[in-house]
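Please read the structure below before turning to the comments.
Only the coordinates and a few stated rules stand behind these numbers; no lab work does. Note that the coordinates shown come from a computational prediction; the quantities given were computed from them, not determined experimentally. Glycine gets a Cβ as well: all are built from the backbone with ideal geometry, and neighbour counts include every protein chain shown.
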Amino acid sequence: MKILMVASEAAPFAKTGGLGDVISALPRALAARGHDVLVVLPKYALIDEQHALRDTGRRIQVPIAGTDWSAGLFLTAPAERLRYLFLSNEAYDRQGGLYGVNGKDFRDNHKRFALLSVGALLAARQMNFVPDVVHAHDWQAALVPLVLKRGFGGLVSPFRVPSLFTVHNLSFQGLFPKEAMTDLALPADLFHPDALEFYGQLCLLKAGLVFADKLSTVSPSYREESLLDQEHGAGLDGLLRWREKDLHGILNGADATVWNPEIDAHLPARYSAKDLAGKAACKAALQKEVGLHPEMKALLCGTIGRFSAQKGMDLLADAIPRLVERGGQLVVLGTGDAEIEKKLNEQAARFPGRVAIVNRFDDGLAHRIEGGSDLFLMPSRYEPCGLNQLYSLRYGTLPLVHAVGGLKDTIEDAAPHGKQPGAQGFGFRFEGAHADSLIGALDRARALYNDHDAWKATVLRAMALEFPWDAAAGKYEALYKALA
Ligand code: ADP
C-alpha cells in the first residue's frame with residue numbers, strides 16, 4: 001500500500017518524547033513489510049547538514065486565512081520504500097524547542113501546524129505520491145483528517161482517501177482561543193461541541209478524533225481507560241465513547257536497532273544476556289558520570305522523562321528519603337515543570353552521592369541510564385504506552401511501574417504478593433499513585449535484588465523478551481486495509 005504519514009517529530013531528526021521514537025520506527029517497519037511510505041515533518045532549525053537532506057527544488061503554497069505560506073520540500077530516503085519529506089518555512093526555523101521556547105508555547109502554533117497538516121497533503125501531491133491511506137498523529141497533525149473530508153480555506157483536498165488518527169496522549173489537545181478559528185479560516189459551523197469546540201476553545205485534537213475514519217491509541221489498556229470517565233479521557237471520553245467502535249489500541253514496539261545493549265555506541269561497555277560483565281561496567285561508569293558514590297552493591301534506580309504530574313515525578317520526589325534510607329541510589333534525567341524540578345533538586349541536595357538529578361535532554365545519557373541502572377522507575381499516574389519500560393527490559397534493567405495503561409499491558413510482576421519471588425515475571429508493579437505504594441514495590445524489588453541468583457534469572461527473562469515493531473506494524477496494516 002501507499003501510506004502517507006504526518007507527524008511533528010521523528011528521531012533522529014527531531015524528538016521530544018515517545019512520538020519521535022514511534023515515527024522513527026513504525027514507518028521503517030511498514031516499509032520492511034513492503035509498503036511504500038512517505039512521512040511528512042516540519043524542517044525545524046535543529047534539522048541541519050548532518051541529516052543530509054536533499055532539496056527537491058519543489059515548493060508548495062498553503063493558503064492560511066488569505067495569506068499564502070510557501071514551503072520548500074526537502075527529502076531523505078533512509079531505507080528502501082521509505083522517504084521522509086520536510087516542509088521548510090521560517091515558522092519552523094526558530095531557536096528554542098519544537099513547540100516553544102523557555103517553557104512557553106509559540107503563539108502561532110495553530111498556524112505552524114495547520115501548515116504541516118495541509119502542507120503534507122499538497123506536498124505528497126507535488127511528489128506524485130497518491131496514498132491509499134493517510135495516517136496522522138497527535139494534535140499537530142489532527143487537521144489532516146478534517147482537510148481530507150472538508151478541504152481547507154477554499155482549497156479542495158488533493159485526494160479523497162481514508163485516514164487513521166493516532167493519539168499518543170489525550171492530554172495534549174492543541175487548545176487555542178476561539179479567535180484561532182478565524183486565523184485558520186475554519187468554517188464557523190465547526191465551532192461546536194460535536195466538532196472542534198472544547199469548552200469555549202478551539203481544540204485541534206478534536207479535528208482528528210471527529211473526522212478520521214479510524215482512531216487508535218498506543219496501548220489496549222489506555223484505550224479502555226480513556227473511555228471510562230472525564231478524568232481518564234481528559235474530557236474527551238464522551239467523544240471517544242461515541243467513536244468506540246472505530247477506536248483501537250495498538251501497543252508500540254521497541255526499536256532494537258537503537259535500543260540494544262549489544263550494539264549501543266552510547267554505552268561505555270556493551271553486553272548481552274550471554275555475558276553481563278559489561279552491565280557492571282556501565283553501572284560503575286554511570287555512578288561516576290552523574291556523581292553517585294561508587295558502590296557496586298547499592299541498588300541503582302534510574303528514571304528518564306518529563307518532569308510532570310503525569311509521569312509521577314512529584315511522588316518520586318516524595319519517595320526519595322525512604323529510597324535512600326534503604327540504601328538505594330537514584331539518577332533522574334528530565335526536563336519540564338519548574339516546581340517538580342525544584343522538589344527533586346531539594347532532595348538531591350539533601351543526599352549528595354546518593355541522588356543525582358540531571359536537568360536536560362540528553363539522548364546519550366538516556367542510553368547510559370538504561371544500561372547502568374538496576375531498576376527503572378515509572379510511577380506515571382497514567383501512561384498511554386511508555387517506551388522506557390520496554391527499553392529497560394532489553395537492557396536487563398528491571399522496570400518498577402504504576403500498573404496503568406501501557407505499563408500494565410507490558411510488565412509482569414516478578415515478586416507478586418503470595419507467590420514465590422523470581423519464579424516468573426520481569427519487573428515490579430504497584431497499584432495507586434502514592435509514594436507509599438512505590439516504596440512497597442521497591443521493598444519487594446530489594447528483597448529479590450538481595451537474592452543474587454533469583455535477580456539474575458529475572459534479568460535474563462527480561463532480556464529475552466521482544467516487542468518487535470513488526471508486530472505493531474502488522475496491526476496498523478490491518479487497519480489500513482480495512483479502510484482502503
Ligand atoms: P512521553 O510521554 O514523554 O512521550 P515515552 O515514555 O513514551 O514518554 O517516551 C519518552 C522518550 O523520550 C524515551 O525515548 C525517553 O528516553 C526520551 N526522553 C524523555 N526525556 C528525555 C531526556 N530528558 N533526555 C533524553 N531522552 C529523553
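So if each residue of separation counts as 0.36 nm, and I subtract the Cα-Cα distance between Glu231 and Lys288, what length gain in nm does that give? Could you put the intermediate results ahead of the total?
Working: separation 57, 0.36 × 57 = 20.52 nm, distance 4.19 nm.
Full extension of this stretch gives 16.3 nm more.
Working from the pairwise distances between different alpha carbons, so that the mean of 1/r is found and then inverted, what is segment 425-474's Kirkwood radius in Å? Walk me through the numbers on the way to the answer.
Working: mean 1/r = 0.0784 Å⁻¹.
Kirkwood radius, segment 425-474: 12.7 Å.
Amide hydrogen proximity for Tyr271: with H placed 1.01 Å from N in the peptide plane, the residues at 5 or more positions away or on another chain lying under 5 Å are Glu262. Going by neighbour counts of Cβ atoms within 10 Å, the residues Ile64, Ile263 line up, fewest first, as Ile263, Ile64. Computed from backbone phi with θ = phi - 60° and the Karplus coefficients 6.51, -1.76 and 1.60, the 3J(HN,Hα) list for segment 274-286 is 6, 9, 8, 4, x, 5, 5, 5, 5, 5, 4, 5, 5 Hz; x is used for glycine and proline. Centroid-to-centroid, using Cα positions, segment 394-410 and segment 177-206 are 38 Å apart. Note down the Stokes-Einstein diffusion coefficient of segment 202-315 in µm²/s, whole number, using a Kirkwood radius over alpha carbon pairs, 25 °C, and 0.890 mPa s. Value of D from the Cα-based Kirkwood radius: 135 µm²/s.
Per-residue 3J(HN,Hα) values for segment 379-389, derived from phi via the Karplus relation 6.51 cos²θ - 1.76 cosθ + 1.60 with θ = phi - 60°, read x, 3, 5, 9, 8, x, 9, x, 10, 4, 5 Hz in sequence order (x marks Gly and Pro).
With the gyration tensor restricted to C-alpha atoms of segment 13-56, the semi-axes of the equivalent ellipsoid amount to 20, 15, 8 Å, longest first. Here the scattering of the chain is modelled by Debye summation over its C-alpha atoms, one equal scatterer each and no solvent; at q = 0.09, 0.11 Å⁻¹ the log10 of I(q)/I(0) is -0.61, -0.91.
Could you compute how fast segment 249-328 diffuses translationally, taking Rh as the Kirkwood radius over C-alpha pairs and applying Stokes-Einstein at 37 °C with viscosity 0.692 mPa s? Give it in µm² per second. Intermediate results must be reported in sequence, preceding the final value.
On the way: Rh = 15.2 Å.
It diffuses with D of about 217 µm²/s by this estimate.
Exceeding 27 Å between C-alpha atoms, which entries from my cross-link table qualify? They are Lys111/Lys311; Lys15/Lys206; Lys283/Lys311; Lys104/Lys214; Lys149/Lys481; Lys43/Lys343.
Table pairs above 27 Å Cα-Cα are Lys111/Lys311; Lys104/Lys214; Lys43/Lys343.
Ignoring aspartates and glutamates fewer than eight residues from Lys408 along the same chain, the ones with Cα atoms less than 13 angstrom from its Cα are Glu224, Glu225, Glu383, Glu431. Cα centroid separation, segment 246-293 to segment 48-83: 34 Å.
Can you give the Kirkwood hydrodynamic radius of segment 105-154 from its Cα pairs, in Å with one decimal? For segment 105-154, the Kirkwood estimate is 11.4 Å.
Rounded, prolate or oblate: pick one for segment 277-463, where a ≥ b ≥ c are the square roots of the eigenvalues of its C-alpha gyration tensor, a/c under 1.5 means rounded, and failing that, prolate if a/b is larger than b/c, else oblate.
Values: a/c = 1.43, a/b = 1.17, b/c = 1.23.
Rounded.
Report, in deg cm²/dmol and to the nearest 500, the calculated mean residue ellipticity at 222 nm for the chain, where each DSSP H run with n ≥ 4 adds -39500 (n - 2.57) and the sum is divided by the residue count. Intermediate results must be reported in sequence, preceding the final value.
Details: 16 runs with 171 residues, N = 484.
Helices in the chain give a 222 nm mean residue ellipticity of -10500 deg cm²/dmol.
Helix 469-483 and the longest principal axis of the Cα set of the chain meet at an angle near 30°.
Highest mean packing first, where packing is the average number of other Cβ atoms within 10 Å per residue, the peptides 296-305, 363-372 line up as 363-372, 296-305. Placing R0 at 22 angstrom, the Cβ-Cβ distance between Ala457 and Lys297 gives a FRET efficiency of 0.70 after rounding to 0.05.
Just so you know, the Cα atoms of segment 55-144 work out to an Rg and Dmax of 13.7, 40 Å.
Among Asp275, Asp36, Asp138, which comes first, then next, by fewest other beta-carbon atoms within 10 Å? Intermediate values should be presented prior to the final figure.
Working: Asp275 10, Asp36 17, Asp138 25.
In order of increasing Cβ crowding within 10 Å: Asp275, Asp36, Asp138.
A Förster radius of 35 Å, combined with the Cβ-Cβ distance separating Asp55 from Ala484, puts the computed FRET efficiency at roughly 0.65.
Taking the convex hull of the Cα atoms, report for segment 22-171 its projected area averaged over all directions, in nm². Present the calculation step by step, with values, prior to reporting the outcome.
Details: hull surface 37.1 nm².
Projected area, direction-averaged: 9.3 nm².
The spacing between segment 294-349 and segment 429-464, judged by their C-alpha centroids, is 17 Å.
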